[in-house]
Amino acid sequence: MNDENRKQTWLIATPVIALLLWTVVYPNVSVIAGSFENGLEHWREFASSPSDREALTTSIVISFASVVAALAIGVPLAFLLGRFEFPGRKVLRAVAALPAALPPLVGVIAFLFLYGESGVVTRSVQHVFSMPEAPWRLSGVPAIIFVHAYTMYVYVFLFVSAGLERFDSTLDEAASGLGASGWMRLRRVTLPLLMPAIAGSALLVFMNALGSFSAPYVFGGGIRVLSTQILVSKLNGALGLAYVETTVLAISAIAGLLLFRWLDRKRKYTLSAKSSRQRRQIKSRGLQTLTAIGAVVVVILLVLPHLMVVLVSFARDGAWTTQVLPPEYTLDNYRRLFSEAELWKPIVNSVSMALVATAANVVICFLAAYLIVLRRFSGRKLLELLVALPWAIPATAIALGLAATFNRNDIASLRVLLVGTFWILPLAYFIRDIPLVASAVESSLKQMDPSLEDAARGLGASWLLTMWRVIIPAAKPGLVAGALLAAVTAVGEFVASVVLFTHANRPISMEILAQLRALAFGTAAAYSVLLILLVLAMTFAARGFEERIA
Amino acid sequence: MIKAPQAAALTLRNIGKRFGDYVAVDDVSLTVAPGELVALIGASGSGKTTTLRIVAGYESPDSGSILLGDADITRLPPQKRGFGMVFQHYALFPQMPVVENVAFGLEARGVGKTERLAKAREVLASVGLEGRADRAVQNLSGGEQQRVALARALVIEPKALLLDEPLSNLDPTLRQTTREDLRAQLHSAGVPALFVTHDQEDAFAVADRIALLKQGKLLQTGTPEELYNCPLSRDVASFIGRAVIVPAQVTESAAVLRVGEQSILFQATHAPGAQPPRGQSAIVLRPHSLRIAENGAKGLSGKISERRFTGSLVMYRVRLGDGAVVEVESKNHSYHENDSVMLVPGEKAVAVIDG
């Protein structure tokens with residue numbers, strides 16, 4: 001690298017690293033420092049509180065159980081769809097990733113409408129078997145794991161499917177040529193090669209489950225988990241205790257991260273061979289019927305939550321009490337969303353806050369990815385760590401960190417008053433989406449021949465012209481995909497919002513919760529449908545763009 | 001073709017570069033005259049690409065300087081040097097069609113769109129790609145991509161041309177014709193041209209002079225003939241061409257190769273300017289340095305251990321009485337493995353190097 005390059009690298013890297021240290025690291029330091037503000041007193045309080053101990057255990061139990069459940073659904077489904085041909089395969093493949101298209105809180109609400117005590121499925125079962133009361137109650141640990149399994153198996157399914165697609169089928173043929181039975185091939189060849197995909201997705205499920213807020217918040221009943229316990233402590237004014245709980249939650253997440261990394265430590269190979277594998281036709285008539293029926297059932301289960309939310313969005317508020325299905329339908333819910341200022345406000349809030357956050361993500365994450373992929377400098381490892389860090393910290397912890405840091409104006413300690421203003425939520429969304437956008441841009445830039453930048457510079461182009469004509473076009477697919485993903489998560493964000501929102505800047509998710517509390521199911525569902533439509537529109541826009549550049 | 005108005009020589013003066021403890025370039029000095037083609041050759045890791053990148057401005061040397069004419073350009077960033085560079089994998093911008101790739105250097109110089117595209121088309125025509133101007137670069141063959149990269153470097157009327165392995169991605173048949181084209185195009189640009197290659201056939205075919213690097217050090221600079229016929233050292237002799245190096249007794253202009261009781265006398269030569277070795281030294285045997293005596297003349301007896309047909313010639317490996325194996329090429333196809341033969345000196349002088 002020449003001298004001018006080195007100077008310029010630091011010129012860009014210094015502000016980016018400083019910004020990340022300030023917004024990503026500093027709040028966590030504030031939280032940890034806060035937990036020790038009275039010496040060890042808050043920690044003693046935490047250790048002697050039965051409810052906190054219960055919350056920690058429950059959080060960890062739920063996380064591991066969610067991993068097991070997601071693997072139990074995701075892996076077989078990926079094998080079934082990837083390796084076998086049967087009637088209904090295409091439909092099943094098309095809807096298999098559907099749960100991922102539900103914003104977190106919306107998924108939980110759909111489950112409430114379906115399987116809750118007064119849910120459609122619950123009531124139907126009750127009616128059919130003429131039971132005096134609901135056959136089950138959707139609450140507690142099993143309910144949370146049930147919801148997690150439904151929303152999170154998608155990660156496992158997608159990772160393992162991608163692994164299977166890149167799996168070199170000649171390896172399988174070689175193994176069978178050497179006399180290995182089907183079971184031995186699976187155990188000794190296929191599964192070990194899929195381990196990276198399995199471990200990677202299991203880690204993702206673990207982190208999501210540990211930080212999960214909406215399912216425990218809505219279905220928890222008497223159950224305590226760390227993420228909800230943090231909010232309770234904060235609302236009770238026990239900030240010191242909230243800091244301890246946040247620290248413990250973050251440490252658990254990082255411990256989980258290290259544990260899964262360790263489990264996957266032997267990975268030294270990559271699957272890259274592209275092979276066109278023939279799917280095996282299921283031949284037995286009986287088995288064919290069985291899988292077809294199974295496929296239909298699974299498809300219905302997967303589509304049902306979406307349908308339910310749409311259905312309820314047309315139900316008149318307050319009319320649905322003890323009937324199986326809502327008795328009265330109306331367009332009023334939607335009309336009110338767009339005509340009543342109080343109901344329209346959250347939509348404007350969410351969209352504008354998501355736009356601000358995404359714009360910041362695009363700029364900062366592009367610069368960070370550019371530095372990480374194309375520049376060699378001594379701060380690179382630090383930058384990589386900073387960019388990945390928000391991923392390892394549960395959203396509740398991020399939010400509490402921001403609440404602890406940006407709660408007053410004090411320039412000497414680098415504090416700015418943002419809590420209670422418009423800016424605090426976009427900041428939280430921005431931080432949460434850094435890893436997502438940065439890794440999307442990084443993967444695009446990694447596909448670029450690094451000598452393109454040298455070539456442009458050598459032909460006399462200034463740094464700006466090189467950026468504009470060479471680097472940004474190369475980064476574009478990742479920038480667009482990352483920006484859309486960030487916008488999608490920000491517009492439906494719930495977990496950080498619930499800690500930081502005020503009435504003036506309440507996002508859609510908080511309004512959905514408020515409507516649920518007021519038993520205005522129709523309005524809550526109409527908001528949810530709107531969110532789903534926003535997500536779908538953005539996803540289609542992304543896909544359309546991908547096709548245009550491909 | 002585009003001519004540089006006042007072409008100046010490119011000079012590398014005592015260039016040194018380390019990466020941590022690793023010495024990549026060690027005190028390299030070299031001058032390339034306007035219109036001259038110099039090949040930097042060496043094995044991988046010899047520092048040839050690093051040297052080229054220092055000349056281009058992508059790396060800063062730890063010591064030494066780069067001069068263009070009399071101007072010291074060592075600290076000048078690449079975008080201000082005005083050199084044309086052809087990268088190993090061409091580094092064509094994938095999102096721009098061919099003509100925009102070629103015009104990019106003019107765009108960077110603020111040339112208006114109509115003018116720069118017209119000029120780019122002109123240069124494309126000069127490398128025989130007029131029909132490809134609006135194609136996507138991905139849809140070109142390897143040879144065409146190479147020519148686009150060259151056109152892109154030529155269009156800016158570069159003060160020097162730098163090429164990193166310009167032929168290494170081409171298939172062997174294409175390589176032959178491309179070498180000739182490349183040589184003609186570089187010569188007609190009339191500026192110093194420095195190109196890196198690990199392939200000595202490329203270097204022989206294209207370059208006016210060759211600079212051989214090993215472990216960052218410049219071993220020898222000279223015409224292909226000088227390096228082949230008069231290597232300065234064992235390293236040069238064994239890198240350039242096929243060579244067997246054997247000990248010999250050396251005088252002013254002759255060398256005696258002795259095997260047991262038998263001996264033969266060679267005419268000897270050595271690298272110009274070097275101190276001629278005397279006494280017990282070594283000589284470089286090329287495949288034409290020895291020939292198989294047809295009529296029982298006196299020489300070194302040996303036995304053919306391997307016979308390899310190469311077309312017009314046959315390459316014989318002959319094991320001498322002391323076990324040493326030499327290579328001898330011959331027009332005579334009639335010898336076979338295990339035949340006993342007598343070897344006598346060829347017509348050309350052999351090079352003498354330090355034993």
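The values are calculated or read from the model by the stated rules, or taken from the named source; none is laboratory data. Only a predicted model underlies this, so the values are computations on that prediction, with no experimental measurement involved. Positions of Cβ are backbone-derived with ideal geometry, glycine not excepted, and every protein chain shown enters the neighbour counts.
Just one of the listed residues (A:Leu425, A:Leu465) is crowded, with 24+ Cβ neighbours inside 10 Å and assigned to a helix (DSSP H, G or I), namely A:Leu425.
Quick grid of which residues meet (1) more than 12 Å from chain A (Cβ to nearest Cβ); (2) modelled with pLDDT of 95 or more:
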site: B:Ala39; (1), (2): yes, yes
site: B:Ser46; (1), (2): yes, no
site: B:Thr49; (1), (2): no, no
site: B:Ser60; (1), (2): no, no
site: B:Ser65; (1), (2): yes, yes
site: B:Pro78; (1), (2): no, no
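Among the residues making up region B:73-85, none is assigned to a helix (DSSP H, G or I) and among the small types (Gly, Ala, Ser). For region B:86-106, the candidate set comprises residues that are surrounded by 21 or more Cβ atoms within 10 Å (Cβ to Cβ) and in a helix (DSSP H, G or I); within that set, the residue that is nearest to the other protein chains (Cβ to nearest Cβ) is B:Gly105.
Against the definition (of a type outside the set (Asp, Glu), surrounded by 20 or more Cβ atoms within 10 Å (Cβ to Cβ), away from chain B (no Cβ under 14 Å) and assigned to a helix (DSSP H, G or I)), how does A:Phe64 come out, yes or no? Considered against the rule, which asks whether it is of a type outside the set (Asp, Glu), surrounded by 20 or more Cβ atoms within 10 Å (Cβ to Cβ), away from chain B (no Cβ under 14 Å) and assigned to a helix (DSSP H, G or I), A:Phe64 comes out as no. Checking region B:110-128 against the condition returns no match, with no residue being within 12 Å of chain A (Cβ to nearest Cβ) and either within 23 Å of A:Leu445 (Cα to Cα) or in contact with a Phe, Trp or Tyr (Cβ under 7 Å, 6 or more places away or on another chain) (or both).
The lone criterion from (1) crowded, with 23+ Cβ neighbours inside 10 Å; (2) away from chain A (no Cβ under 11 Å); (3) not aliphatic (A, V, I, L, M) left unmet by B:Gly69 is number (1). Could you list all residues from region B:319-346 that are within 20 Å of B:Ala255 (Cα to Cα) and among the hydrophobic types (A, V, I, L, M, F, W, C)? Passing the criteria: B:Leu320, B:Ala324, B:Val325, B:Val326, B:Val328, B:Met342, B:Leu343, B:Val344. With respect to the conditions (1) within 30 Å of A:Asp52 (Cα to Cα); (2) modelled with pLDDT of 85 or more, A:Ser130 lacks only one, and its number is (1). Only one of the listed residues (A:Gly74, A:Gly82, A:Gly88, A:Gly34) is surrounded by 14 or more Cβ atoms within 10 Å (Cβ to Cβ), in contact with a helix residue (DSSP H, G or I) (Cβ under 6 Å, 6 or more places away or on another chain) and at positive phi. That residue is A:Gly88. For B:Arg183, the test of being under 12 Å from the mean Cα position of the chain (by Cα) and either of a type in the set (Lys, Arg) or more than 26 Å from B:His288 (Cα to Cα) (or both) is failed.
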